[in-house]
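To start, the structure under review is shown below, and the notes come after it.
The values are calculated or read from the model by the stated rules, or taken from the named source; none is laboratory data. These figures come from a predicted structure and were not determined experimentally. FYI the Cβ positions are ideal-geometry reconstructions off the backbone, even for glycines, and counts take in every protein chain you see.
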Ligand code: SME
């Protein structure tokens, strides 16, 4: 599957499933020997961006009582998010993946860009099972994320888990 078709794929489509299937081994190879979590998050977001071309793909790390912006691909974004705030802070608080089909209908959504229409946030746990970071993806298409994305992104994020101490 070409990058262009993956970019046009709709949620839960065979094209998107195929794109994730091809991405899995590439991500594993890319991060296999990397021990530095920042380097790993940087290449993780770059490979996802190359494949799907979403509006914004990146990480926020738990630092004390806040999420702090980590490696990302896309336009500038807010650098700090409080516990329980926005989609990211809620995913941290509730320790679960959150899919937002329409960001305008999500109470408390933090708008970093007017082009973001839908969003998915996946928490990443450390060795002790505590949330250490979240992966945040914004799409400029409404309702762009489904169960295929939830499952595939949660699985991809497992590659990063051992790198968080
Ligand atoms: N929309 C997010 C903020 C981060 S940006 O989308 C990059 C939120 O509500 O937590």
### Task
Using the structure shown, decide if residue 43 is over 11 Å from the mean Cα position of the chain (by Cα), assigned to a helix (DSSP H, G or I), within 13 Å of the ligand (Cβ to nearest atom) and modelled with pLDDT of 95 or more.
no
### Message
Could you check segment 80-108 and list, in sequence order, the residues that are within 14 Å of residue 142 (Cβ to Cβ), assigned to a loop (DSSP other than H, G, I, E, B) and either touching a strand residue (DSSP E or B) at 6+ places or on another chain (Cβ under 6 Å) or at pLDDT below 95 (or both)?
### Response
101, 106
### Query
Does residue 51 fit the bill of being more than 11 Å from the ligand (Cβ to nearest atom) and assigned to a helix (DSSP H, G or I)?
yes
### Query
Given the structure, is residue 128 at pLDDT below 95 and either over 21 Å from residue 20 (Cα atoms) or away from the ligand (no atom under 12 Å from the Cβ) (or both)?
yes
### Query
From the list 30, 23, which residue is surrounded by fewer than 19 Cβ atoms within 10 Å (Cβ to Cβ) and in a helix (DSSP H, G or I)?
30
### Message
Please go through segment 118-127 and give me each residue that is part of a loop (DSSP other than H, G, I, E, B) and either in contact (Cβ under 8 Å) with a residue 40 or more places away in the chain or in contact with a strand residue (DSSP E or B) (Cβ under 6 Å, 6 or more places away or on another chain) (or both), ordered by number.
### Response
126
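Quick grid of which residues meet (1) more than 8 Å from the ligand (Cβ to nearest atom); (2) surrounded by fewer than 17 Cβ atoms within 10 Å (Cβ to Cβ); (3) farther than 19 Å from residue 151 by Cβ:
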| site | (1), (2), (3) |
| --- | --- |
| 73 | yes, no, yes |
| 76 | yes, yes, yes |
| 86 | no, no, yes |
| 89 | no, no, yes |
| 104 | yes, yes, yes |
| 107 | yes, yes, yes |
| 115 | yes, yes, yes |
| 123 | yes, no, no |
| 132 | yes, no, yes |
### Query
Given 138, 143, which one is modelled with pLDDT of 95 or more, on the phi > 0 side of the Ramachandran plot and in contact with a strand residue (DSSP E or B) (Cβ under 9 Å, 6 or more places away or on another chain)?
143
#### Entry: Boolean, residue 64 is without any contact (Cβ under 8 Å) to a residue 12 or more places away in the chain, surrounded by fewer than 16 Cβ atoms within 10 Å (Cβ to Cβ) and in contact with a helix residue (DSSP H, G or I) (Cβ under 6 Å, 6 or more places away or on another chain)
no
